[in-house]
Amino acid sequence: MSTDLTTGASTARVAFYNDPKIRSIFYQVVLCVFIAFLVYGAASNAIENLRRAHIASGFGFWNTTAGFDISQTLIPYNADVSTYGRAFWVGLLNTLLVAGLGIFFATIIGFVIGISRLSKNWLVAKVASGYVETLRNIPLLLQLLFWYNAVLKALPIVRESYRFPGGIYLNNRGLILPEPVLQPDFDWVTGAFIIGVVASVSFHFWARRRQMRTGQRAPVFWVSAGLIVGLPAIVAALLGVPVLFDYPEAGRFNIIGGVGVQPEFLALLFGLSIYTGAFIAEVVRAGILAVSRGQTEAAYSLGLRPGPTLRLIVVPQAMRVIIPPLTNQYLNLTKNSSLAVAIGYPDLVQVFTGTVLNQTGQAVEVVAITMAVYLTISLATSLAMNLYNRRMALVER
Amino acid sequence: MTIAEGDLAVTEIAFVRRAQIPPQPPPVAMTGALGWLRANLLSTPFNIVLTIIIALLLIWAIPELLKFLLIDAVWSGADRDACREIVQHRPIGACWPFVYERAAYFVYGSYPIPLRWRVNVFFAMLAIGVAWLLWLNAPRRDLGAIYFFVVLPIGSFILLHGFPAIGLPVVDTVLWGGVLVTIVLASVGIVVSLPVGIVLALGRRSPKPAVRLFSVIFIEFVRGVPLITVLFMASVMLPLFVPQQYEPDKLLRAMIGIALFASAYMAEVVRAGLQAIPRGQYEGAMAVGLRYPQMMRLIILPQALKITIPNIVNTYIGLFKDTSLVLIIGIFDFLHTIEVARIDPKWATPVTSTTGYAVAAVFYLIFCYGMSRYARAMEARLAASDKR
């Protein structure tokens, strides 16, 4: 009996429709045919419907003149001559701008609140956990609408603007800041900054190699700070500060000069940073709690003081736990920046899926392009994350 | 003058304590309220500074909040004049009469007034279903699951949409609105996303390459794009993909978008649970001769879903908050009714927006916080059952 099973006679006794391999292939073919049928059906319906509605297809609209204005543009854009393609880049840059700044502020808020939740100070811990519990449980869209409609739009009109020292104005048209005007000599300062960055990176590698060889530590932080901040500052001082400020002046109906930050942008930045900050706080808290007490105690018993213990033992291990979910939060923030459409900040979705879609009617192409952009960002980030994880994963025996 | 070792026996020592003296109470500053203050608020100079700053912040913020919500609030009135500083000549806080007057709109949207009892019955049916499933000691929870996942969806469709054959006139979905739409969207997402998510998660772990490929493409695609683009896709592209006569109505499109989105996230949550089940469970199930569906239904999924309950509830919280995004594609959910009501000229005052948003915030906060408390209680319960 047992010999039968081991000599491979089993294939002869099983009917072909019971063979797991053939079954598996059959099921997969059925699935593929089903999905191909769905795609074919959808595509043929789409062609039929578009033909009936007289909507053009293809990406020809990309080079057509857009003819609408965008309220915030980081690259030159003109409604009369710029194309839909140009509008796409304007929207994408606006998305990246708000996402980049949002990530910066959300990280600061998140780390401060996350560490505060673990504080021994009862009041601090309670306030921090109240912040997290409240803001995580209110939809981001509601928070954005609140900041925009109830806070920023309720600010006084131009004539009654709040004035802050340093020539800063705040009114219902946004925040008006002095605009730095760079003089030609400023190139020297930029040069000094680049040299500072390069020098501090090299110093970091040199210090690491020396520490590996001799065990001596070098003050990397202070030297880098000196090179990156100090060097350009000295050059600027020597050249007599080659920056002029264009201070805004309050006119009768308007504020003249300066650089304006739109309320839409401010509301989106506020909302995204505060909301994502609450999630990052939880990530940070979980990461710190994941480092077992034994690690801290072992460090103390080796004679390390609390500062170095935190810097050399706890933080590196916590970061290993924190970074993957933190990246996830950064991605969420970037995707959530698409809620800009609700308050009229001209991000990719508002400009492209909103205005361009309405003007051209080419829903399939426009939505596909928008999705492709977000998909590229997400997939690139998760690829980078996988590489990072492979490098950081604990090597076990 | 020291006493040498041998001298102890000598009777010259006048007194030797034979019993322990009772311990003294700890210093006043270390116990009670004072000790608590010292340990928790004032332990280091840095902490003292922090405590003072936060206390000042709270002393400023809490009275402001109370003043807005209660003390300066307007409690009755017929229109905007009751809530205007220029008319009333006093500082004005929240404008509550606006909320009373619009409360029915916030709950039912434009659902025809004589038919609103149908919405109430739906809420009651839903509450029974939710309670049946969430209360772990409820009788016949298997029936509860059938009720929630089969009877309730069909029953509520007949009730809310109408079924002329049994005397319920049809109510077009463009009239639906407010809390009703928010709850309907969230329930559809909850009911659809769990089974679809389980299928996708199993597909992603399947040994069949084609099944795995399609599951991965769907999951990663949906998770890689913002919900708002999925909703745009559902609302502007979906009508193109079906023959014209079957064009789905707007609310249905939003439901499809939300259900697809939630399913992809649910799939990843379930996959994490499946991965946590040790190989021995799979091998044991195969060794006793179970087929794949039996193995999954009887051995793997019950364990995997049990440990994932907290994460499933967290996904539901996200889903509940995300339903507010349908505002952007023009569905009148709860947040949208607030948006509409707050710009109505009849109640347009400087405080109307803030009042409306405060009501919305409290609504979402109660639901989401409730769900997260449930998830946490569940987690504690599961942790307790693992302890021996």
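Structure values in brief
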read-out: Matching entry among B:370, B:356 (being open to solvent by 20 Å² or more (accessible area, probe 1.4 Å) and either at pLDDT 95 or above or over 24 Å from residue B:201 (Cα atoms) (or both)); value: B:370
read-out: Search result, residues across the stretch B:250-277 that are open to solvent by 30 Å² or more (accessible area, probe 1.4 Å), touching a Ser or Thr at 6+ places or on another chain (Cβ under 8 Å) and farther than 19 Å from residue B:183 by Cβ; value: B:265, B:272
read-out: Within the stretch B:71-147, helices (runs of 4 or more DSSP H) holding 1 or more residues that are under 29 Å from the mean Cα position of the chain (by Cα); value: B:96-108, B:116-134, B:141-146
read-out: Positions within the stretch B:337-349 being at the interface with another protein chain (Cβ under 10 Å from one of its Cβ atoms) and either assigned to a helix (DSSP H, G or I) or in contact with a Lys or Arg (Cβ under 8 Å, 6 or more places away or on another chain) (or both), in sequence order; value: B:338, B:339, B:342
read-out: The stretch B:46-71 - residue that is closer than 20 Å to residue B:360 by Cα and away from every other protein chain (no Cβ under 13 Å) and, of those, least open to solvent (accessible area, probe 1.4 Å); value: B:69
read-out: Considering residues of the stretch A:236-246 that are open to solvent by 60 Å² or more (accessible area, probe 1.4 Å) and over 31 Å from the mean Cα position of the chain (by Cα) only, the residue farthest from residue A:175 (Cα to Cα); value: A:238
read-out: In the stretch A:109-124, residue surrounded by the most Cβ atoms within 10 Å (Cβ to Cβ) [restricted to those that are more than 16 Å from residue A:277 (Cα to Cα) and among the polar types (S, T, N, Q)]; value: A:121
read-out: Helices (runs of 4 or more DSSP H) lying entirely in the stretch A:289-397 (those with 1 or more residues that are surrounded by fewer than 20 Cβ atoms within 10 Å (Cβ to Cβ) and at positive phi); value: none
read-out: Number of the condition not met by residue A:3 [criteria: (1) open to solvent by 70 Å² or more (accessible area, probe 1.4 Å); (2) modelled with pLDDT of 80 or more; (3) more than 30 Å from residue A:334 (Cα to Cα); (4) more than 14 Å from chain B (Cβ to nearest Cβ)]; value: (2)
read-out: Tally of residues being crowded, with 18+ Cβ neighbours inside 10 Å and either in contact with a Cys (Cβ under 6 Å, 6 or more places away or on another chain) or of a type in the set (Phe, Trp, Tyr) (or both) across the stretch B:278-328; value: 3
read-out: Qualifying positions in the stretch A:257-274 - aliphatic (A, V, I, L, M) and either part of a strand (DSSP E or B) or more than 14 Å from the chain's Cα centre (by Cα) (or both); value: A:259, A:261, A:266, A:267
read-out: Matching residues in the stretch B:311-336 - criterion: being of a type in the set (Ser, Thr, Tyr) and within 11 Å of another protein chain (Cβ to nearest Cβ); value: B:323, B:324
read-out: Subset of the stretch A:119-133 (residues that are closer than 23 Å to residue B:323 by Cα and within 7 Å of chain B (Cβ to nearest Cβ)); value: A:133
read-out: Filter result (hydrophobic (A, V, I, L, M, F, W, C), at the interface with chain A (Cβ under 7 Å from one of its Cβ atoms) and crowded, with 21+ Cβ neighbours inside 10 Å) within the stretch B:212-230; value: B:225, B:228
read-out: Residue among A:87, A:106 that alone is more than 11 Å from chain B (Cβ to nearest Cβ), in contact with a Ser or Thr (Cβ under 7 Å, 6 or more places away or on another chain) and among the small types (Gly, Ala, Ser); value: A:106
read-out: Of all residues in the stretch A:42-77 being of a type in the set (Gly, Ala, Ser) and buried (at least 17 other Cβ atoms within 10 Å of the Cβ), the one that is nearest to the other protein chains (Cβ to nearest Cβ); value: A:46
read-out: Per-region count, the stretch B:331-388, residues closer than 22 Å to residue B:136 by Cβ and touching a helix residue (DSSP H, G or I) at 6+ places or on another chain (Cβ under 8 Å); value: 11
read-out: Any pair with Cβ under 6 angstrom, 6 or more apart, that starts in the stretch B:160-171 at a residue that is farther than 23 Å from residue B:182 by Cβ and ends at one that is small (Gly, Ala, Ser) and open to solvent by 70 Å² or more (accessible area, probe 1.4 Å); value: none
read-out: Candidates A:288, A:323, A:343, filtered to the one that is touching a residue at least 40 places away in the same chain (Cβ under 8 Å), within 14 Å of chain B (Cβ to nearest Cβ) and more than 29 Å from residue A:57 (Cβ to Cβ); value: A:343
read-out: Cross-chain or 6+ apart pairs with Cβ under 9 Å, the stretch B:18-31 first and on the phi < 0 side of the Ramachandran plot, then of a type in the set (A, V, I, L, M) and open to solvent by 80 Å² or more (accessible area, probe 1.4 Å); value: B:28/B:34
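The values are calculated or read from the model by the stated rules, or taken from the named source; none is laboratory data. This one's a predicted model, so the numbers in the text were calculated from it and none came from an experiment. We place every Cβ from the backbone using ideal geometry, glycine too, and count neighbours over all the protein chains shown. Note: areas computed on protein heavy atoms with side chains; ligands, DNA, RNA excluded. Shrake-Rupley method; radii C 1.70, N 1.55, O 1.52, S 1.80 Å.
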